[in-house]
1. I want to verify a result. In a Gaussian network model of the chain, Cα cutoff 10 Å, which of these has the top mean-square fluctuation: 222, 152, 47?
2. Please find, in a Gaussian network model of the chain (springs between Cα atoms separated by less than 10 Å), the residue of 135, 62, 48 whose mean-square fluctuation is greatest.
3. With Rg and Dmax of the Cα atoms in Å defined as stated, name the option among (1) 21.0, 62; (2) 26.4, 89; (3) 20.2, 74 computed from the structure displayed.
4. Return the whole-Å distance between the Cα centroid of segment 87-137 and the Cα centroid of segment 207-228.
5. Any chance you could run the full-extension gain for residue 253 through residue 56? It's 0.36 nm times the residue separation minus the Cα-Cα distance, nm to one decimal.
6. Label 7 Å along Cα→Cβ of residue 207; segment 57-79 residues with amide nitrogen under 15 Å?
7. Once both labels are modelled 7 Å past Cα along the beta-carbon direction, what's the residue 167-residue 181 spacing in nm?
8. How many angstrom lie between the C-alpha centres of segment 161-181 and segment 36-78?
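Read-outs: derived from the displayed coordinates by stated rules, not from any lab. From a predicted model like this one, the values you see are computed outputs, not experimental measurements. All Cβ positions, even for glycine, are placed from backbone atoms using ideal geometry, and neighbour counts span all protein chains on display.
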Amino acid sequence: MEINQENIEKFVEKIKKERSNLGKVIDPIFNNFELEKKEILEVCQIGKFVYKIDTEIEIIDKPKPPNPDFIINYQKELIGLEHTQILTEDSSRYYKIKTLFDYAENIFSKKYPNINIHATISIKNDELNFKQSEKALLAKKIADIVRFSMLGAEMELPEFITRLRTAKHSQVTFTYNERKWQGPYLSKERLKQEIVKKEKKISGYKTSKKQLSQFWLVLLVGSLSSVSYQLNEKLDYSISSKFNRVYLMSDFEAKIIRIN
């Protein structure tokens with residue numbers, strides 16, 4: 001198969017341009033606000049949303065509750081934008097492990113300063129049951145195992161870890177690699193449940209001092225984990241709502257569907 005060098009160069013330039021344009025959308029928020037890790041992820045997600053639907057949208061604020069998650073400026077109107085990820089009922093199983101890995105990241109950074117690493121870790125049967133009192137010790141054990149793996153030391157993995165891979169990186173990142181990572185398809189009933197739950201917040205948003213003219217809702221799915229739903233392209237997700245606009249967005253692919 002002949003490789004077209006011109007097409008490759010065009011693709012690379014496209015990626016560079018998208019990164020540059022996305023930076024223009026989200027950098028003002030990063031520069032003006034002290035954000036936690038979870039909030040940084042939210043800004044990146046909404047930055048992708050804004051970039052995909054209209055780069056003229058300006059994210060101007062990320063206020064605290066009971067305000068919307070974001071306030072955007074669109075066509076000279078201030079709009080409250082709420083966003084959330086639709087998760088399956090057993091999401092606590094996944095996030096229990098994910099938060100353990102986040103804890104292990106912090107321990108690694110403090111215990112082994114100036115060492116950056118990306119560790120990909122698989123857990124036996126995608127299940128790890130532990131008490132809250134055991135969390136710190138488990139996190140320390142994971143951090144030490146990652147360090148030993150970097151050094152190429154001979155070691156026996158704990159029973160709960162089935163695979164560990166490490167690579168040089170620009171920062172310290174521990175990734176939970178699920179064996180069964182693909183989530184179920186999103187049903188219209190589950191979608192409606194999430195929208196109705198978020199609609200209850202609208203009355204509180206209307207008291208904002210920002211004089212918001214509209215309220216939008218962005219619902220995220222498809223984040224490559226077993227607790228995040230997939231979009232069913234054969235299903236019509238159109239639905240009525242108290243929000244002026246409702247969007248479904250596949251987080252990984254950044255595919256966006258307006259459903260109201």
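1. In this elastic network of the chain, the residue with the biggest mean-square fluctuation among 222, 152, 47 is 152.
2. Most flexible of the set in this elastic network: 135.
3. (1)
4. 27
5. On the way: separation 197, 0.36 × 197 = 70.92 nm, distance 2.13 nm.
Residue separation times 0.36 nm, minus the Cα-Cα distance, leaves 68.8 nm.
6. 64-68
7. 1.2
8. Using only Cα atoms to place each centre, the spacing works out to 30 Å.
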